[in-house]
Amino acid sequence: MDDISLGVPEPLLEQLPDDEAATATDMQTAVADWERRLNQAIADADDDREAAGRILEAIDRFEARYETYDELVPELRAWGQSPVYALTWRTLYADVIAQLYEHDELAPHLERERNVRLVDNGIRLRDL
């Protein structure tokens, strides 16, 4: 399986307040680190299925973080705080997940591995 490449979308960075260059740098650093770790997981895997499994575990963590930030937005608003950073990080996690599914070679393996996990967990399509 080929290496993957990830990035922070420019429109997302443009949503940040002008005086917060540190947040943009943090996001770019985080995405570069995720890319490095995911590519290392691919390199360390014995086959494409194992690589997809490792990447799917990362996607599960990204989805959990997405949900955490999503739940934080109304709470911040209730306290009169700006949710701009929570919204931006939430959007970043969603975008990274989408970028992983957009990789032509990786996407079919991810779908197959997710289906295997559904069956292994005893979930059938009629239960969805």
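A few points about this structure:
- Odd one out for Met1, checked against (1) in a helix (DSSP H, G or I); (2) surrounded by 16 or more Cβ atoms within 10 Å (Cβ to Cβ): (1)
- Looking across segment 40-96 at every residue that is of a type in the set (Ser, Thr, Tyr) and open to solvent by 60 Å² or more (accessible area, probe 1.4 Å), the one that is nearest to Ala107 (Cα to Cα) is identified as Tyr66.
- When Asp60, Asp26 are screened for being of a type in the set (Asp, Glu), under 28 Å from Met1 (Cβ atoms) and modelled with pLDDT under 95, only Asp60 passes.
- Boolean, Glu75 is at pLDDT 95 or above and farther than 18 Å from Leu118 by Cα: no
- Spans of helices (runs of 4 or more DSSP H) in segment 22-128 with at least 2 residues more than 20 Å from Pro11 (Cα to Cα): 48-78, 107-120
- Residue that is over 17 Å from Ala51 (Cβ atoms) and modelled with pLDDT under 70, where the choices are Leu118, Leu92, Leu128: Leu128
- Flag if Thr23 is open to solvent by 70 Å² or more (accessible area, probe 1.4 Å) and of a type in the set (Val, Ile, Thr): no
The values are calculated or read from the model by the stated rules, or taken from the named source; none is laboratory data. Fair warning: this is a prediction, and the values are worked out from it, not measured in the lab. All Cβ positions, even for glycine, are placed from backbone atoms using ideal geometry, and neighbour counts span all protein chains on display. For accessibility, only protein heavy atoms count, side chains too; no ligands or nucleic acids. Shrake-Rupley method; radii C 1.70, N 1.55, O 1.52, S 1.80 Å.
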